[in-house]
Amino acid sequence: MASDSVVHLVELDGHLCMVRDLRQGLADNGALEIWNVVGYSSGVWALLHRISLPEHTPRNLLEAPVVKVLGSTGVRSAKKIIIATSKFTAHMYDLMTENLDTILSIKDTDICYDQYEPSALRISLIKESLSPVHRTNEETVLSSPLAKAVKEILLRLPSRSVMKFKLVCKQWCMLIEKDWFISSYFAYWNIDRRPKIMLVSNGNGISCFSFTPLQKLFQVASNKAKWLDTKVSCSKPYHGLNLVSTDTKYWLYNPSTGYHKTYNRPMISNGQCQSDCAGTVGNGSFGLGFNPLTQEHVVVEICYQLKDFRTREYYLRCNIWVCSTNYSVPCYSHLSLPVNGMPPAYLAGFLYWMSEPRLGPSYECTIVAFDIDKRMFDLIPCLSCLPKWSSGSPCYAFVAELGGLLCVVYADPVTDMIEIWKLGNGQWDKAYTLCLKEFPGYSLGTNVVIPLAIDPRDGRILLSTGRKIAYYDPMEHNTEDVYSVDEIMNFTSERQMHPSLNALAGKDLACSNAISSNTLPRPTAATTMLLAKPHLSSSSFLSSTRVSSPAPGPNHAKPIAASPAPRRYLRITATSAAAPAASSAEAAAALSRVDVLSEALPFIQRFKGKTVVVKYGGAAMKSPELQASVIRDLVLLSCVGLHPVLVHGGGPEINSWLLRVGVEPQFRNGLRVTDALTMEVVEMVLVGKVNKHLVSLINLAGGTAVGLCGKDARLLTARPSPNAAALGFVGEVSRVDATVLHPIIASGHIPVIATVAADETGQAYNINADTAAGEIAAAVGAEKLLLLTDVSGILADRNDPGSLVKEIDIAGMRQMVSDGQVAGGMIPKVECCVRALAQGVHTASIIDGRVPHSFLSSLLELAQMG
């Protein structure tokens, strides 16, 4: 046997070990000794295991020229050593029972090699993993804690500030230009899915159009030179881009980066083909869509060359442009029905139009669907309850996208009512009925009213006539005006009468993502001088693909299949000459953000790899703004190397659902009284609604969350509360098995835990979220426990808000409880903090959840909050 095979090194359980092969020279067939290094500097070794090889040991292990220990499996009493030989065998030695089993034996091999060479061992251990085998230097730099912190801070800045930060250094520029950062930025700024309204007006010379957020309209005064003097239509934002249209051209815009691109529209001289519908201009209907397979924006226009409502004759054609290349591409199917002039709806790779029942052979409404990837049309049956078109009825229908669903809007100008039907699970259901008779500005007799979006906060519907925008409450049947052209024109007229109120020249936003209905209400077609036109917006850096070769002329069509365009994003290079100088306020704000990043680094390094348990509930769950703040802070912690665990309640949501089923919520000493019906509602709301909603918000914010409840993998085992007779199915935590949490935390996921658990018999119990959070924190060895409350913290005097206790030890806390200074719902919070600290949690904080970023500030020790 070669001398260099007598001793070899191996790693066992994270320790350096040395294996001595003593099979030769001993009377009892020898042994294998495993030695563990005791001190790396001293060179001291200690015998860890001795594997005896008796006579009945398999011969291929005794006689193999090369034998090596590969590793170990199991823990403690179940630990086993894996041994491989140069004769294509592998064995497992049980340290407890001293049994030696053959687990691999490959016979009749044709492989020829010198079995006496150490390299002859062709067996090794592998571990299944999704980790990349190789990372570039760039990926290594961008995965550092500092880069992750920079990313989270940049995500929270306005897009124009982010563009300026590309000049800070090469690493920041590289980070901002990454595709995944662009996607994360878009998801972050659109996480709440609330309508963002901007106004489009004539540009300032650099761009054809200028865009201003609605809330800044009165801050940025406009003069007559910026008024719209033509009919303009804007599409909804899709992946950050919007299409602005006049009767001669299309402009593809992104408001965040200043990107814009121009396309010429086909010219039709027949005036009868001009559309009189809201939301469109020119001789047809256009739509902006997105191909999810090729990641490209596509413009689809259906234009009429003949349209005669008297004879019902028509002739139309379909034009398709791939925005990344400027190429027009052919349509692979015939459009069998005419479409009306209303704008289409985009959903998941499809554009949808409503057919035009005044043209062609059919008097019925049918939905026309266009598959953007296949470039083919299809027909979808519409509502069976919609009446056929007749010349005596002014009613009309069109499609819209609301809340991520395909909807049919049916308008009746006679009754001034709008019905909105949504398509879900393959069937049509009536979602809303809008009564507009009491609101003359939105009369269907003089306006085409288009539903733009639904506010997820309160369910109100955003309506637009092109000249006015308002929120309509379908429950109360009232409106709240948001924007009116007439009001703005009166305002600008007054400003022109006061020269001291000068317009902020050159301060208009360069461009925007948009949606709108058309400028002029149907059926009139008179041109009107408009100050600005409202539309919806979203934030993104995305632009269409950049190409290096000149775009072909309009007569050259280039099929996508023949020459696919590479998928890239527009790279914006900011320079001091091209960009306007930042104001002193902007510069100060930028420096402040850099200072925050610099100051946060020591705290990030201190807490990196530590587990933090956050109990989330109360006021922080009621407000959408506070909810978004908590979720983003949680994702920030995860991105910079901490391991957050979110334990949540859902008291306000539970109370709401209990009232819906006619049950009055009851509490005793801060604990919910829970009978059988209440327990059923609690489990339904916490596990099925609140938990999954939080998981979705975290995933949208850029994290990866895993939803759990106490029942899953027996994470929490409950027992009845000592006050079960009075509280019902309110339980306590009898045992925590954190086995299921360790791999989730180690892989960088965020556990989101609902505090519903079962006892040994399977009976469900409602566990107080504060108590559960404390027990879970102790079980996972958390560095910090944070409890969000509805008050400023623990007060030495409950009647004095200024008596906030900044820091207190366990003995002092128990004294405050016994003295009655702590009472009500604060008692479970204090008790869980005391128990967590007693079980090894380093610190526990009770924080005012009504303050934005309060738990993040507490964790980074930038402020003492409770």
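Could you list all residues from segment 154-172 that are surrounded by fewer than 17 Cβ atoms within 10 Å (Cβ to Cβ) and either within 18 Å of residue 144 (Cα to Cα) or assigned by TED's automatic domain parsing to the domain that holds residue 636 (or both)? Scanning segment 154-172 gives 168, 169, 170, 171. Being hydrophobic (A, V, I, L, M, F, W, C) and in contact with a Ser or Thr (Cβ under 9 Å, 6 or more places away or on another chain) holds for only one residue in 377, 350, and it is 377.
Yes/no matrix, rows are residues, columns are (1) modelled with pLDDT under 85; (2) more than 26 Å from residue 122 (Cα to Cα); (3) loosely packed, with under 10 Cβ neighbours inside 10 Å:
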residue	(1), (2), (3)
34	no, no, no
38	yes, yes, no
45	no, yes, no
51	no, no, no
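I'm checking my understanding of the structure. Among residues of segment 468-480 that are surrounded by fewer than 22 Cβ atoms within 10 Å (Cβ to Cβ) and touching a residue at least 40 places away in the same chain (Cβ under 8 Å), which one is farthest from the chain's Cα centre (by Cα)? Restricting to residues being surrounded by fewer than 22 Cβ atoms within 10 Å (Cβ to Cβ) and touching a residue at least 40 places away in the same chain (Cβ under 8 Å), the top hit is 477.
Quick one: is residue 375 of a type in the set (D, E, K, R), out of contact with any strand residue (DSSP E or B) (no Cβ under 6 Å at 6 or more places or on another chain) and more than 27 Å from residue 237 (Cβ to Cβ)? Before the answer, list the steps.
Values: of a type in the set (D, E, K, R): yes; out of contact with any strand residue (DSSP E or B) (no Cβ under 6 Å at 6 or more places or on another chain): yes; more than 27 Å from residue 237 (Cβ to Cβ): no.
No; evaluated as a whole, the condition is false for this residue.
Residues in segment 55-88 that are buried (at least 21 other Cβ atoms within 10 Å of the Cβ), among the hydroxyl-bearing types (Ser, Thr, Tyr) and over 14 Å from residue 13 (Cβ atoms): 85, 86. The residues of segment 764-821 that are modelled with pLDDT of 80 or more and small (Gly, Ala, Ser), listed by number, are 764, 769, 772, 773, 774, 777, 778, 779, 781, 782.
For segment 432-452, a residue qualifies if it is at pLDDT 85 or above and more than 23 Å from residue 341 (Cβ to Cβ), and the qualifying residues are 432, 433, 435, 437, 438, 439.
Taking segment 332-356 as the region of interest, how many residues are of a type in the set (Phe, Trp, Tyr) and not in a strand (DSSP E or B)? Lay out the reasoning, then the answer.
First, pick out the residues of segment 332-356 that are of a type in the set (Phe, Trp, Tyr): 332, 346, 350, 352-353.
Applying the additional criterion that residues be not in a strand (DSSP E or B) yields 332.
The total comes to 1.
With respect to the conditions (1) under 28 Å from residue 456 (Cβ atoms); (2) touching a Gly at 6+ places or on another chain (Cβ under 6 Å), residue 383 falls short on a single one, namely (2).
Does residue 256 satisfy the criteria of being touching a helix residue (DSSP H, G or I) at 6+ places or on another chain (Cβ under 9 Å) and either modelled with pLDDT under 70 or under 30 Å from residue 341 (Cβ atoms) (or both)? Spell out the reasoning first.
On the way: touching a helix residue (DSSP H, G or I) at 6+ places or on another chain (Cβ under 9 Å): yes; either modelled with pLDDT under 70 or under 30 Å from residue 341 (Cβ atoms) (or both): yes.
Criteria met by residue 256.
Listed conditions (1) without any contact (Cβ under 8 Å) to a residue 40 or more places away in the chain; (2) more than 35 Å from the chain's Cα centre (by Cα) are all met by residue 358, apart from (1). A residue that is closer than 24 Å to residue 353 by Cα, surrounded by fewer than 22 Cβ atoms within 10 Å (Cβ to Cβ) and touching a residue at least 60 places away in the same chain (Cβ under 8 Å) cannot be found anywhere in segment 426-445. How do the pairs read when you match residues in segment 384-407 that are of a type in the set (Ser, Thr, Tyr) and part of a loop (DSSP other than H, G, I, E, B) with residues anywhere that are at pLDDT 80 or above and surrounded by fewer than 19 Cβ atoms within 10 Å (Cβ to Cβ), using Cβ under 9 Å and keeping only pairs 6 or more apart or on different chains? What qualifies is 384/428; 390/363; 391/358; 393/387; 393/412; 393/414.
Take segment 309-331 and flag every residue that is part of a loop (DSSP other than H, G, I, E, B) and farther than 29 Å from residue 390 by Cβ.
First pass over segment 309-331, keeping only residues part of a loop (DSSP other than H, G, I, E, B): 309-312, 323-326, 330-331.
Residues satisfying the conditions are 323, 324, 325, 326, 330, 331.
Screening residue 420 on (1) modelled with pLDDT of 85 or more; (2) over 18 Å from residue 395 (Cβ atoms) shows it passes everything except condition (2).
Right, residue 391: surrounded by fewer than 19 Cβ atoms within 10 Å (Cβ to Cβ), within 29 Å of residue 431 (Cβ to Cβ) and assigned by TED's automatic domain parsing to the domain that holds residue 242 or not? In short, no.
Which one of these does residue 692 not meet: (1) buried (at least 20 other Cβ atoms within 10 Å of the Cβ); (2) in contact with a strand residue (DSSP E or B) (Cβ under 8 Å, 6 or more places away or on another chain)? Checking residue 692 against (1) buried (at least 20 other Cβ atoms within 10 Å of the Cβ); (2) in contact with a strand residue (DSSP E or B) (Cβ under 8 Å, 6 or more places away or on another chain), the one that fails is (1). For segment 85-109, a residue qualifies if it is in contact (Cβ under 8 Å) with a residue 40 or more places away in the chain and either under 15 Å from residue 21 (Cα atoms) or in a strand (DSSP E or B) (or both), and the qualifying residues are 93, 100, 102, 105.
For segment 432-444, the set of residues classified as over 37 Å from the mean Cα position of the chain (by Cα) and either closer than 17 Å to residue 419 by Cβ or not assigned by TED's automatic domain parsing to the domain that holds residue 404 (or both) consists of 437, 439, 443, 444, listed by residue number.
The values are calculated or read from the model by the stated rules, or taken from the named source; none is laboratory data. All values reported here derive from a predicted model rather than from experimental measurement. With ideal geometry, Cβ positions are generated from the backbone for all residues, glycine too; neighbour counts draw on all protein chains shown.
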